[in-house]
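The values are calculated or read from the model by the stated rules, or taken from the named source; none is laboratory data. All values reported here derive from a predicted model rather than from experimental measurement. All Cβ positions, glycine included, derive from the backbone under ideal geometry; neighbour counts span all protein chains shown.
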Amino acid sequence: MLLAVPLLLGMSVLIFALMRLVPGDPAVAVLGYKATPEGIRALREAFHLDEPVPQQYLRWLGAAARGDLGHDFRQNEPIGRMILDRLPVTLELTLLAALCTTLIGVPLGLLAGGRRGGAADRAALAVGLVGVSIPDFWLGIMLILGLSLGAGLLPSGGWVPFAESPMDNLIHLTLPALTLAVSRAAVLGRLTRAAVLDIMHRSFVQYARAKGLGERAILFRHVLPNAAIPIVTVVGLQVGYMLGGAIVVEMIFTLPGLGRMTMDAVLERNYPVVQSAVLVIGAMFMLVNLATDVLYGVIDPRARRR
Amino acid sequence: MSRPALRRVRPAGHGGVTIAGLLLVVALGLTALLASHVVPGSPTDIAKDRALRPPTWTQPFGMDDLGRSILSRVVHAYRVSLGVAVASVALALLVGVPLGLVAGYAEGALDQLIMRPLDVLMSFPAILLAIALTSVFGTGVLLVALSLAVVYTPIVARVVRAAILAVKVEVYVDGARALGAPVPRLVLRHILPNAATPVLVQASVLMAIAILVEAALSFLGVGVRPPTPSLGLMLADGRGFMLQAPWMVIFPGLAIMAAVLGFNMVADGLRDWLDPQQAADR
């Protein structure tokens, strides 16, 4: 876990440097055609834009470490507050999508791997290959077209907080979570299949079979627990990737999450918000990956010794 | 049910997938290259009287809101899609392979010096980093390709480094060294060719991802700029007409999927072909 600190520092330097490379004066970009020399000076002072760059960086980092991410250029809202308001949406979306991924991907892989070369295996392989290749933003549009505009089954966008109405909240998140899950489920299915096939050849499975155990019992009692290690690792990595995928999905389904906030800030050139949002999403991505590594050791005692 | 003793070394039926993938990729590539010769009509001709016309035999993908041929736009958009993908992957290989090579061969301090900054780049989700880069450096075909190359370089470098670390301890490398082969010759003749397999597979996977990410960036409005036909932009435009003209969103999406599928199939096939032992398990 100690690795997280230098990585986070590196990430903050990178983002900060990147945002300082924006062509033109950010003050002018914000104030636009209404810019007066006084206005520009006031804004530069308020956001410490006239200090030397290393000093600006340290000021930002120091404040960020205390949980103060500064204020945005436009509404002068505290950015930390903005992020906290939107975080639950993205987290709920990601967790639901991870659940869908597991519920679709693992059975798909078991079905395919349990009978190698059979009809189910071929079908699952084909589904997996196509699933991996579907652009998720297109899938989202197709789901809206078919299930919400066409059949009128589910809402095409919008957000209801869980505390307000848990049912409505889930209904609004079903399509976004599915959109995010399908291609990841395909990846997980392929991986589960490979893991199952690998374990099927181990001697303890041969022994169980020799003992006269049924195929079903072998699959669930001997193969699945051993396949859990790669499965959990991949699900963990995918939760990380979903944080990136959530940006697109939140834009399509108009969910007020972190990804949408980032995208809106990018499009209106609200650089302080972009800077903090990218750092927060990046940090979450990295921490999820590290947590996956740790979890790997917890599930598989053999990995700890290495 | 399979028993180890009877396992085939080569998986049956996989060659077909590879060939189909290759054919798909080649066909799409040729279509993109010969764009204006293979489709009827220009991708930019506006004709209000043909606006939102559904698919017909002569225009199988229908017309968009400005009466432009969607088939013609899709074919021209492939130029951008594949062009960006090829350019970004080529650039990532050009920078990433030498970096990974040096890091893997040297190890120690030089390895750390090269790989730590690349780890930082890899600590962001790819699409987020690409968005951040295009938001700073600007949009357009060239800048999107550059941004993607920045995102991919660390991935390539890491794959190359891992392959080099595995290959350089082989006996034949020791042998060549003992015979007095100079380092450049050792690396270029004995180590690099044997580390090429994972790099080729990775390049094919990156092509597929590049097509997806370019489309996503353009869809979000931070990729290719409007007059240039792009599959992502077409999807973004089509969303407003989804109910009257579903063909405006269906065909560009299918087009993206076909290209991505092609490269994924090639990657799968390459992996099996170059690594038959593992393929038997796949």
Report task. Identify, from the list A:Gly212, A:Gly236, the residue that is surrounded by fewer than 23 Cβ atoms within 10 Å (Cβ to Cβ) and outside any helix (DSSP H, G or I). Result -> A:Gly212
Query raised in the report: Would you pick out the residues in the stretch B:193-215 that are over 22 Å from B:Arg79 (Cβ atoms) and either polar (S, T, N, Q) or modelled with pLDDT under 85 (or both)?
Result: B:Pro193, B:Asn194, B:Ala195, B:Ala196, B:Thr197, B:Pro198, B:Gln202
Query raised in the report: Any chance the stretch B:96-108 includes a residue that's modelled with pLDDT under 90 and over 21 Å from B:Asn194 (Cβ atoms)?
Result: yes
**Report entry** Residues being touching a residue at least 40 places away in the same chain (Cβ under 8 Å) and in a loop (DSSP other than H, G, I, E, B) - total across the stretch B:52-79
**Finding:** 7
Query raised in the report: Among the candidates B:Leu143, B:Leu129, which residue alone is within 30 Å of B:Pro226 (Cα to Cα) and surrounded by fewer than 22 Cβ atoms within 10 Å (Cβ to Cβ)?
Result: B:Leu143
Query - Those residues of the stretch A:113-158 which are crowded, with 18+ Cβ neighbours inside 10 Å, charged (D, E, K, R) and farther than 19 Å from B:Pro246 by Cβ, in sequence order - result: A:Arg116
Report task. Could you name every one of the helices (runs of 4 or more DSSP H) located completely within the stretch B:111-192 that has at least 3 residues being at pLDDT below 85 and under 29 Å from B:Val224 (Cα atoms)? Result -> B:126-137
Requested in this report: State which residue pairs qualify: first residue within 8 Å of chain A (Cβ to nearest Cβ) and inside the stretch B:249-267, second residue basic (Lys, Arg) in any location, beta carbons under 7 Å apart, and separation of 6 or more residues or different chains.
Outcome: B:Val249/B:Arg239
Report task. Would you mind stating whether B:Val89 is of a type outside the set (Lys, Arg), closer than 28 Å to B:Leu30 by Cα and crowded, with 23+ Cβ neighbours inside 10 Å? Result -> yes
Query - Exclusive hit being modelled with pLDDT under 85 and within 14 Å of chain A (Cβ to nearest Cβ), set B:Gly21, B:Gly13 - result: B:Gly13
Query - A:Leu111 among the aliphatic types (A, V, I, L, M), within 14 Å of chain B (Cβ to nearest Cβ) and more than 24 Å from the chain's Cα centre (by Cα) - result: no
Report task. Go through A:Ala228, A:Ala303, A:Ala283, A:Ala246 for me and flag whichever is modelled with pLDDT of 80 or more, within 29 Å of A:Pro107 (Cβ to Cβ), of a type outside the set (S, T, N, Q) and surrounded by fewer than 21 Cβ atoms within 10 Å (Cβ to Cβ). Result -> A:Ala228
Report summary line: Across the stretch A:166-215, the tally of residues that are closer than 12 Å to A:Gly113 by Cα and either more than 11 Å from chain B (Cβ to nearest Cβ) or under 26 Å from the mean Cα position of the chain (by Cα) (or both) stands at 7
Requested in this report: Quick one: which residue in B:Met234, B:Met265 is over 16 Å from the mean Cα position of the chain (by Cα) and over 30 Å from B:Tyr105 (Cβ atoms)?
Outcome: B:Met234
Query raised in the report: Mind checking which pairs have a first residue in the stretch A:254-269 that is under 16 Å from A:Leu93 (Cα atoms) and a second that is among the acidic types (Asp, Glu), Cβ under 7 Å, 6 or more apart or different chains?
Result: A:Gly257/A:Glu250; A:Gly259/A:Glu250; A:Arg260/A:Glu250
Report task. Report, by residue number, each residue of the stretch A:68-106 that is more than 22 Å from the chain's Cα centre (by Cα) and free of Cβ contacts under 8 Å to residues at least 60 places away in the same chain. Result -> A:Asp68, A:Gln75, A:Asn76, A:Glu77, A:Pro78
Requested in this report: Could you grab me the full set of residues in the stretch A:228-256 that are away from chain B (no Cβ under 13 Å) and not polar (S, T, N, Q)?
Outcome: A:Ala228, A:Ile229, A:Ile231, A:Val232, A:Val234, A:Val235, A:Gly236, A:Leu255, A:Pro256
Query raised in the report: Got a sec? Which of B:Pro193, B:Pro226 is out of contact with any His (no Cβ under 8 Å at 6 or more places or on another chain), closer than 19 Å to B:Val97 by Cα and either without any contact (Cβ under 8 Å) to a residue 12 or more places away in the chain or within 11 Å of chain A (Cβ to nearest Cβ) (or both)?
Result: B:Pro193
Report summary line: B:Ala196 passes all but one of the listed conditions (1) buried (at least 21 other Cβ atoms within 10 Å of the Cβ); (2) more than 23 Å from A:Arg184 (Cα to Cα); (3) aliphatic (A, V, I, L, M); the exception is number (1)
Report summary line: When the stretch B:234-282 is checked residue by residue, the ones that are in a helix (DSSP H, G or I), modelled with pLDDT under 85, over 22 Å from B:Val26 (Cβ atoms) and among the acidic types (Asp, Glu) are none
Query raised in the report: Going through the stretch B:206-221 one residue at a time, which ones are farther than 13 Å from B:Ala149 by Cβ and either at the interface with chain A (Cβ under 7 Å from one of its Cβ atoms) or surrounded by fewer than 24 Cβ atoms within 10 Å (Cβ to Cβ) (or both)?
Result: B:Ala208, B:Leu212, B:Ala215, B:Ala216, B:Phe219, B:Leu220, B:Gly221
